[in-house]
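The values are calculated or read from the model by the stated rules, or taken from the named source; none is laboratory data. Worth saying up front: this structure is predicted, and the values here are computed from it rather than measured. Here Cβ is always computed from backbone atoms with ideal geometry, including for glycine, and neighbour counts include all displayed protein chains. The area values use the complete protein model at the heavy-atom level, side chains included, leaving out ligands, DNA and RNA. Shrake-Rupley method; radii C 1.70, N 1.55, O 1.52, S 1.80 Å.
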Amino acid sequence: MEKVINVGLLGMGTVGTGVVKILTRNAHDILQKVGMSVNVKKIMVRQLDKPRTVESNAEFTTDIEDILNDKEIDIVVELMGGMEPAREYILRALRAGKHVVSANKDVVAKFGQEILEVAAEHKVDFLFEASVAGGIPIIRPLKQCLAGNKISEVVGIINGTTNYMLTKMTSEGLDFNSVLAEAQAKGYAEADPTADVGGFDAARKIAILASIAFSSRVSIDDVYVEGITNISKEDIGYAKELGYVIKLLAIAKDDERGIDVRVHPAFISTTHPLASVNDVFNAIYIKGDAVGETMFYGRGAGEMPTASAAVADIIDVARNTKHNANSRILCTCFENKSFCPVEQTESPYYIRLLVQDKPGVLAAIAGAFGAQEVSLHSVIQKSKVADCSELVLITNRVVDVSLRSAINTLIGLPVVNKVCNVIRVVADHLD
Ligand code: NAP
């Protein structure tokens, strides 16, 4: 008799619908690949009478007990989102001896350790490929394909909303607010866009990736976060003029100073591999001691790309089950590395200032930087804005704390009207 592995789906919204579509449309191939068929037996939703865009023979319920108490359900696929009750249901499913697949970055970034420990205790799988960068394979490559490497760097564009907005600002010269309104109208940005434009969504994802890449737990609280709300069309314009683009980068590095994990906008050279990642696309660049540089690119969200990752996890669980090899790869954080505080990180910086238009201004500004041993690579522009001048400076590589002190001194100078923006520059040629 054909073997069947039964799935209980928690949620049939955007991603859940995609999962049902893929499991239906590719059922024959999946049976051939796995050697058993994958059947969605029950689906839990909030509203039973809500119209659904895909047909399913599964039994619908609003009661989690119907799924957790069903002995025939082997895999629970959590696609509800949010922190609670998703976390509780994941833990209960694992404790009931069920494997769990989840796309929930909030829960994985905050409770990943606890969840993986419970999975190990109960000898079941917990897989979460869809929680970072949607359809792009990244968690499995880090845990498996690149397992032979010591990873030193993970740099990604892992928030589609902000990448879409920055791309629009660059290509059409629009300001932040009008691009945000357009992204909201198109459904690319939420009504409350804080998680995206504030950098918090990317922070959760880079915490997950850094934990896996560096084999040491990185929580959301360890990530330094700056969003894109201060990026103006003037900054975008100067970046363009100077041969850069502005991207919201999620950066994780592991070196002798410790783990450095941050999310912030950055000037990146137009020749950088991440510079051409536009619109809602995501990409993750990884540096390993054996593989060298490698980059993963694709759709970081959406019904079918995200479902693609969740279905791959379901197939993995089914294969493990067939070969009695569940809970083979769970928590890989076997080290407890220290962190490099953001104040100690180094970078060149772009600084845009409004200053008084009179002699001696440049000398005063150079003096404020010199006192903190910040050397200037270039003073790029000087254009008239109302009755003052706009100055754009690029520093050489400088320790963050020294840069901040220099900026504080600048703010106190009578010749400086305003420090408009300070943005890190990712460039190998500045030292
Ligand atoms: P969604 O469209 O809002 O769907 C959520 C589903 O969960 C709905 O079917 C909803 O039921 C159900 N649900 C929510 N709370 C529930 C509760 N307390 N009890 C029972 N059912 C509940 O969400 P989504 O966009 O598919 O996202 C699912 C997960 O995937 C999230 O963790 C998200 O972060 C992650 N993810 C999404 C994307 C994406 O592109 N959408 C990309 C990457 C990761 P009703 O249908 O009855 O309302």
Can you sort HIS377, HIS122, HIS272 by 1.4 Å-probe accessible area, starting with the largest? HIS377, HIS122, HIS272
Counting only residues 5 or more apart in sequence or on a different chain, those whose built amide H sits under 5 Å from that of VAL385 are GLU390
Just the C-alpha atoms of region 122-269: what Rg/Rh do they give, with Rh taken as the Kirkwood radius? 1.01
For the chain, which whole percent of the accessible surface, found with a 1.4 angstrom probe, sits on carbon and sulfur atoms? 48
Which whole-number percent gives the relative contact order of region 1-76, counting Cα pairs below 8 Å spaced six or more residues apart? 42
Quick one: length gained pulling GLN356 to GLN144 fully straight, 0.36 nm per residue minus the C-alpha distance? 70.6 nm
What lysines sit close enough to LYS50 to cross-link, taking a C-alpha to C-alpha distance under 22 Å and skipping anything fewer than 8 places away on the same chain? LYS21, LYS41, LYS42
Once you place label points 7 Å from the Cα toward the Cβ at SER375 and VAL399, how far apart are they in nm? 1.7
Please work out the average accessible area per residue across the chain, using the 1.4 Å probe convention, and give it in Å². 43
Solvent-accessible surface ranking, highest first, for ASP289, ASP235, ASP74 at 1.4 angstrom: ASP289, ASP74, ASP235
Check: in region 139-298 the Lys pairs 8 or more apart or on separate chains whose Cα atoms fall under 24 Å apart number 20
Using the C-alpha gyration tensor of the chain, what are the square roots of 5 times its eigenvalues, in whole angstrom, with the largest one first? 46, 23, 17
Okay, helix-only estimate at 222 nm for the chain: each DSSP H run of n ≥ 4 adds -39500 (n - 2.57), divide by all residues, round to 500 deg cm²/dmol; what do you get? -10500 deg cm²/dmol
Can you give me the C-alpha center-to-center distance between region 4-27 and region 213-287, rounded to a whole angstrom? 34
